């Protein structure tokens, strides 16, 4: 799925926006983080482990 495709724009983005609006304030960042990881994994799953390692090592600072 390309980020410029109509599927992404009207289906996936809508779902993420609705989830973002429904969750509590403390969880909004996690919704965006998980959505980002999901969309990245959907397109390029080979590098998800590298991305997760980068996220976890950067969050420890």
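For segment 48-61, how many residues are free of Cβ contacts under 8 Å to residues at least 12 places away in the same chain and surrounded by 12 or more Cβ atoms within 10 Å (Cβ to Cβ)?
Residues that pass the stated criteria total 1.
Name the pairs whose Cβ atoms lie under 6 Å apart, with the first residue in segment 34-47 and under 9 Å from residue 16 (Cβ atoms), the second at pLDDT 85 or above and assigned to a helix (DSSP H, G or I), and 6 or more positions between them or separate chains?
35/16
Name the single residue, out of those in segment 1-42 being at pLDDT 95 or above and outside any helix (DSSP H, G or I), that is surrounded by the fewest Cβ atoms within 10 Å (Cβ to Cβ).
Filtering first and then ranking leaves 24.
The values are calculated or read from the model by the stated rules, or taken from the named source; none is laboratory data. Everything quoted here is computed from the prediction, not taken from an experiment. For neighbour counting, all protein chains shown are included, and Cβ atoms are generated from backbone atoms with ideal geometry for every residue, glycine included.
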